[in-house]
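Working notes, structure below.
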Amino acid sequence: MYRWREKEKIIALKLRGLGKSYREVQSKIPGISRSTLSIWFRDLKLSPAAAKILEAKKERAENNIIKWSKERSAAAKTRNTETTQEYSDAIGKLSRRDLMLVGASLYWGEGSLQIRGGPYPHHKTEFSNSSPEMTRVFMRFAREILGVPTEQFRPHVQIYPNLDAQESIAFWAKVTEIPDSYFRAYTQVSSASKHKRPINFLPHGTVQIRINNPVNFYKIQGCINGIIKNANS
């Protein structure tokens, strides 16, 4: 080892013996790397006093990191809350046209538009979801835009073995404002999720809202066609 390097090592060992941290030693010996210090210190036996000093510094550093992390998380939470509120306020009250666009888009993503063939074609108009908020929006769309009366809704609830059918029906009846006597429930577990899904994954199951009037099939299809046409124009 070069003589000047030997001098640096001696200084570093003395500083370490006084309970100085790596960073403190580096500030006294410019240009020295942490990896070099690690090699020099690996066989160094610290006195109880020096070890106690270093342990206290380590604890302070860890506490500072925890404090910084909490402050950063709190700042991020505040920022996220403010951003969410800003964009929530920007939506404002939905007009009839807004509700038409939102409802049709929801159905486009979560509904079923199928025509079964044969001499008497069957139009399947069905919306399925496990979100009560999304379902409420769709029900408003169905009632106010499509003009569907309550008697034309055919609601079903898909539940899992751990759920109580009547409790799930009561929940979705309140969400949809459809009498619970209109509901039917059935239990289903897919082969892919059998015995794997947490029992509280879907606490109320999934609701399926079928509309028993083929004209609504074409109303929704028209809304979706209008979105496609104007979004690309």
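Worth a mention:
- Exactly one residue out of Ser131, Ser69 is closer than 29 Å to Ser181 by Cβ, hydroxyl-bearing (Ser, Thr, Tyr) and out of contact with any strand residue (DSSP E or B) (no Cβ under 8 Å at 6 or more places or on another chain): that is Ser131.
- Residue within the range 60-71 that is surrounded by fewer than 10 Cβ atoms within 10 Å (Cβ to Cβ) and either closer than 15 Å to Arg16 by Cβ or of a type in the set (D, E, K, R) (or both) present: no
- Filter result for Leu101 (in contact (Cβ under 8 Å) with a residue 24 or more places away in the chain and more than 30 Å from Thr125 (Cβ to Cβ)): no
- Screening Arg42, Arg34 for residues that are exposed (fewer than 10 other Cβ atoms within 10 Å of the Cβ), assigned by TED's automatic domain parsing to the domain that holds Leu13 and under 14 Å from Arg16 (Cα atoms) leaves exactly one candidate, Arg42.
- Close contacts from the range 139-152, counting a first residue that is in the same structural domain as Gln208 (by TED's automatic domain parsing) and a second that is part of a loop (DSSP other than H, G, I, E, B) and of a type in the set (Phe, Trp, Tyr), with Cβ to Cβ under 8 Å and a gap of 6+ residues or different chains, come to none at all.
- Only one of Ala56, Ala90, Ala75 that is of a type outside the set (D, E, K, R), part of a helix (DSSP H, G or I), outside the structural domain of Lys219 (by TED's automatic domain parsing) and surrounded by fewer than 10 Cβ atoms within 10 Å (Cβ to Cβ): Ala90
- Exactly one residue among Lys58, Lys124, Lys77 is more than 29 Å from Gln221 (Cα to Cα) and modelled with pLDDT under 90, and that residue is Lys58.
Conditions tested, residue by residue: (1) hydroxyl-bearing (Ser, Thr, Tyr); (2) at pLDDT 90 or above.
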position: Asn129; (1), (2): no, yes
position: Val137; (1), (2): no, yes
position: Phe153; (1), (2): no, yes
position: Val157; (1), (2): no, yes
position: Thr176; (1), (2): yes, yes
position: Asp180; (1), (2): no, yes
position: Asn212; (1), (2): no, no
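- Listed by first and then second residue, the pairs linking a residue in the range 208-230 that is assigned by TED's automatic domain parsing to the domain that holds Arg136 and in contact (Cβ under 8 Å) with a residue 12 or more places away in the chain to a residue that is among the acidic types (Asp, Glu) and surrounded by fewer than 19 Cβ atoms within 10 Å (Cβ to Cβ), with Cβ atoms under 7 Å apart and 6 or more places separating them unless they lie on different chains, are Gln208/Glu126; Ile209/Glu126; Arg210/Glu126.
The values are calculated or read from the model by the stated rules, or taken from the named source; none is laboratory data. Owing to the predicted nature of the structure, the values given are computational and were not obtained by experimental measurement. Here the Cβ is made from the backbone with ideal geometry for all residues, glycine too, and neighbour counts use every protein chain on show.
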